[in-house]
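J.: Below is the structure I would like to discuss, written out as structure tokens.
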Amino acid sequence: MRTWPSTVKRIAADTAHNSGGPVWWEFFSPTAIETAAAFEHLGAVYQHLLPLDEHRQVILTGTYPVRWLATALLPGVDPGPRAALYVCLPVLAVSLWLDTDPNTAWERLLSRPERDHLTTTSTPNHLSRYHQAMATAQDLVGCPVARILVCAPTTTLGYTQGRWLTMYSPEAVTQV
């Protein structure tokens, strides 16, 4: 499993924090940082994802590109130019949106021992804004979206995910 955190955003967040700012987008231009992050994401895809043989294996990735567009929306950046950059990426067979109510998500985050970045820098309102940004970003990706409500029982989730994988890559389900 590979993660693609934005080095640009991490440096901006650290700089803002060290200078007494609460969040990077109050310290730097959100458009400049999000554009730099978009090019950084493109580089990661070209380096790590494109060399994979998508005809012989199922490739699942969580931040490609819906989450990137959604996070650009949070500080108020127009997602259009970043969506235009992502047009050159391979088209997804399906985007799995593991969806839940923002208040339920907040409660789950607070119950986790490691917590998350969101719980240390934001409020439940941030999750509501992020939820709305994810809904908006889904429309910009140009692929089918499977919205899976993760408040359902685990057995239902497994069935639903398996159904979507079967629909888009039936030969690969036994390999997953």
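J.: Within 19 Å of S128 (Cα to Cα) and touching a residue at least 60 places away in the same chain (Cβ under 8 Å): does that describe V77? I'd like the intermediate steps shown before the answer.
T.: Values: within 19 Å of S128 (Cα to Cα): yes; touching a residue at least 60 places away in the same chain (Cβ under 8 Å): no.
Criteria not met by V77.
J.: Here's a follow-up. Select from the range 13-26 the residues that are surrounded by 14 or more Cβ atoms within 10 Å (Cβ to Cβ) and more than 14 Å from G76 (Cα to Cα) and list them in ascending order.
T.: A13, A16, H17, G21
J.: Report every pair of residues separated by at least 6 positions or lying on different chains whose Cβ atoms are under 7 Å apart, first residue within the range 132-153 and touching a residue at least 24 places away in the same chain (Cβ under 8 Å), second of a type in the set (D, E) and part of a strand (DSSP E or B).
T.: R147/D99; I148/D99; L149/D99; V150/D99
J.: Checking A84 against (1) loosely packed, with under 13 Cβ neighbours inside 10 Å; (2) among the small types (G, A, S); (3) modelled with pLDDT of 85 or more; (4) within 28 Å of H17 (Cα to Cα): exactly one of these is not met. Which one?
T.: Result: A84 passes all but (4).
J.: What is the number of the single condition among (1) at pLDDT 80 or above; (2) part of a helix (DSSP H, G or I) that V77 does not meet?
T.: (2)
J.: Can you pull out every residue in the range 110-135 that is surrounded by 13 or more Cβ atoms within 10 Å (Cβ to Cβ), at pLDDT 75 or above and more than 16 Å from the chain's Cα centre (by Cα)?
T.: Passing the criteria: only P124.
The values are calculated or read from the model by the stated rules, or taken from the named source; none is laboratory data. As the structure is a prediction and not an experimental result, all values here were calculated from the model. Methodologically, a virtual Cβ is constructed for each residue, glycine included, from the backbone with ideal geometry; neighbour enumeration extends over all protein chains shown.
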